[in-house]
1. Just in the stretch 57-94: which trypsin sites (Lys or Arg not before Pro) are loop by DSSP and have at most 12 other Cβ atoms within 10 Å?
2. R0 = 35 Å: FRET efficiency of Arg232 with Val385, Cβ-based, nearest 0.05?
3. Under 5 Å between amide H atoms, partner at least 5 residues away or on a different chain: which partners does Leu51 have, H built in plane at 1.01 Å?
4. Between Glu76 and Leu363, how high is the FRET efficiency from 1/(1 + (r/R0)^6) when r is the Cβ-Cβ distance and R₀ = 45 Å? Nearest 0.05.
5. Could you list the residues of the stretch 378-413 with an amide nitrogen less than 18 Å from a label point located 7 Å from the Cα of Val420 in the Cα-to-C-beta direction?
6. Assigning unit charges at the beta carbon (Lys, Arg +1; Asp, Glu -1) and nothing else, what dipole magnitude in debye, to the nearest 20, does the stretch 384-433 show about its Cα centre?
7. Please report the projected area of the stretch 57-128's Cα convex hull averaged over all directions, in nm².
8. Rounded to the nearest Å, what's the spacing between the alpha carbon centres of the stretch 179-195 and the stretch 62-137? Just the number, please.
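Here, each number is a calculation from the coordinates, and none is a lab measurement. In this text, all values refer to a predicted model and were calculated from it rather than measured experimentally. Methodologically, a virtual Cβ is constructed for each residue, glycine included, from the backbone with ideal geometry; neighbour enumeration extends over all protein chains shown.
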Amino acid sequence: MSTGFDRAGGDGLRRGERALVVLPDRSSETNSRTTEARLDEAAGLAEAISLDVVERMSFRIRQPRPATLFGKGQVEEIAARAEAVEAKVVVVDAALTPVQQKNLEDGTKAKVIDRTGLILEIFGERAATAEGRLQVELAHLDYQAGRLVRSWTHLERQRGGFGFLGGPGETQIEADRRLIRDRMARIRKELEQVKRTRALHRDRRKRAPWPVIALVGYTNAGKSTLFNRLTRATVLAEDLLFATLDPTMREIQLPGFDKAILSDTVGFVSNLPTELVAAFRATLEEVASADLILHVRDIHHPDSDAQKADVEQVLADLGLGEGEDGPPRLEVWNKVDLIEGEERAAVENEADRREDVITLSALTGEGEDRLAARVADLLREGAAVHHLRLSAGEGGKLAWLHSRGEVLDSRNEGDEMFVVVRLSPENWQRWQGL
């Protein structure tokens, strides 16, 4: 897949370029994460697009400077450190205005990329479906519209990243606002068509005789590893932020069910760029139509609680907050294999006291059977017994009832079948729509 830094040219960059990560720590902000954890995440984002993070710094920002965000002395310190470690890229873990970005580049004599540009570059590299690429390109155009960066060669590209860090087009093509607006309008039309198609697919799945389970969670929580274990698939599962972008659906086996469908989704992240909110919403539409949501948490991570809060906020924004009219939810406390001794015992005891939590290790498989049994129980929860009458020719509907519910009794009387079946409220609603 082609990306913005496979090539050199102009001030373009190569994979492995040395980078300095800088965190502006604003005292006015309330953030439950530690400075070290926030630096770790910023470095992880940079490494996700193959930058070589050689140094990390944080600065307390009491009064953000409109021109540079950082104070004059801080900019000089960043520049000196970048020169000392030979960093060609300065990654600022915050959203920068176009003016701030340009002034920081002038002050540090390095290429500067902010958190928004970094995440957009990752999404540009990872988007695998037509919809994903369109969403990311639209977000990128929205981001770059105010920056007048002279690099629009990505408008002709079909795949890959979008060269936010420069490329051969940087000195070839002057930014054209009209081109951007026209392209954005075309993308929005294409996305509307894609959205209609996805809605049709979801409607067909609702009529299908299998429940859908959606995995959600903070990026790098282990969703794809769990997905691969449960489905015996080989979806990309790396120790990288945003290893999965586009939704992936596979068949799984559950106790008492003919089969079920498991959906892996994009990882959530704190301070998601506003330009990508729409892309997240489109990707997560699959979650809203699921029968059950599995919230996968890295319970070993020091900021697990803060990550949970970020995920729940996005779900609430989608109208899937706790207690709202949405799918039931189960927390999956992953990576327990990394916890030992008293801490492990405390985690297990807390999970045992809660009905909405289960512990496991997606890497080793510990707890996999317990998870499958709990998911099956939840899918059957609230089920009611229904007495149905079918014609003898409706064998397909009988098969649907066997695979989606629990058939307690069935008998033939002439040209009719009488069936007693236990169905969940969701499946009863689906049955009525068949």
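1. Arg62
2. Taking R0 as 35 Å, the efficiency between Arg232 and Val385 is 0.55.
3. Here Gly16 satisfy the definition.
4. 0.50
5. Only 383-390, 401-402, 405-413 pass the distance filter.
6. So the dipole magnitude of the stretch 384-433 works out to roughly 180 debye.
7. Result: a mean projected hull area of 5.0 nm².
8. With the stretch 179-195 and the stretch 62-137 each reduced to a Cα centre, they are spaced 27 Å.
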